[in-house]
Amino acid sequence: MVAIPGHRPSIQLDHLVRQSLGQWPQRPPGLEPSAKQPGTWLRARPDLERKVTQPYLKLPGAQRLKTLPDGLYLHFSTQAAEPYVDILCIEACSTYQNLLDKRSRFAPSTSSLLAVCPVEWLLQPGIPGNNIPRWRLIRMVKKEPREPLILPVRDARVLFGLKPQQFRGFMASQTAQAHEFFCPMEALTDLDGPRNPALRALLARASAASNFMDMAEGPRALR
């Protein structure tokens, strides 16, 4: 195999990030249940155990252009009459250009973002060692799906991983948008990342409840 200058490190980094994110739990680490998000969280990407089409993001009417984050968590509404998902995306950015490109995909706009959950993904178990299919864990889904579950995105948060020098430079000179969070790349490649107190605290601030001074009492969220 002929090495392509500048490509192999990026490919290797992507592989390391996905291998690490594939070990993360079904709920984003550090993100506690709340009355604002009482539904089911599921890790949608990556799925290292099964070779099925994984959920992806797209704009309404788009047939080919899809957004495939390195990591994707979905929080599903509890009410079939009010279907939606909240999303937490995780993106590893090996260069500044890569960061600019990925930031643009999640920039606030007037276009609605849709999350597409393929049938085969919904029918597969979502918890290792448990045979319960994912669709049974989603309380708004009442019967076995025969078509993809396509839901509007209510709330989007994005965690960007940057190489150390780029992380320090961005932190010193740039301002993050309200939906953006940033961490050093090592936090994403570390297999113990989900237990990292600093990363857990950062993701706790990515909760939809973190924008409110006081959260009204609500039904106990399922873990």
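Residues in the range 77-107 that are among the aliphatic types (A, V, I, L, M) and surrounded by 13 or more Cβ atoms within 10 Å (Cβ to Cβ) were compared, and the one that is farthest from Leu202 (Cα to Cα) is Val85. Among the candidates Gly161, Gly169, Gly193, Gly129, the residue that is of a type outside the set (S, T, N, Q) and at positive phi is uniquely Gly129. Within the range 151-168, the set of residues being in a strand (DSSP E or B) and surrounded by 15 or more Cβ atoms within 10 Å (Cβ to Cβ) comprises Leu151, Val153, Arg154, Asp155, Ala156, Arg157, Val158, Leu159, Phe160, Gly161, Leu162. Of the candidates Pro128, Pro133, Pro194, Pro118, the single residue that is without any contact (Cβ under 8 Å) to a residue 60 or more places away in the chain and of a type outside the set (Val, Ile, Thr) is Pro133.
Only one of the listed residues (Val158, Val153) is touching a His at 6+ places or on another chain (Cβ under 9 Å) and modelled with pLDDT of 95 or more. That residue is Val158.
Counting only residues that are more than 21 Å from Gln63 (Cα to Cα) and buried (at least 19 other Cβ atoms within 10 Å of the Cβ), how many does the range 108-139 have? Residues meeting the conditions: 5. Only one of the numbered conditions (1) surrounded by 17 or more Cβ atoms within 10 Å (Cβ to Cβ); (2) within 26 Å of Gln23 (Cβ to Cβ) is violated by Pro145, and that is (2). Selection of the range 35-72 for residues being touching a Pro at 6+ places or on another chain (Cβ under 8 Å) and among the basic types (Lys, Arg) yields Arg43, Arg45. Hey, any hits in the range 204-213 for a residue that's surrounded by fewer than 18 Cβ atoms within 10 Å (Cβ to Cβ), among the hydrophobic types (A, V, I, L, M, F, W, C), part of a loop (DSSP other than H, G, I, E, B) and in contact (Cβ under 8 Å) with a residue 40 or more places away in the chain? Yes - at least one qualifying residue is present in the range 204-213.
The values are calculated or read from the model by the stated rules, or taken from the named source; none is laboratory data. Note that the structure is predicted; figures quoted are calculated from it, not measured. Because the Cβ atoms are built from the backbone with ideal geometry, glycine has one as well, and the counts that use them run over all protein chains shown.
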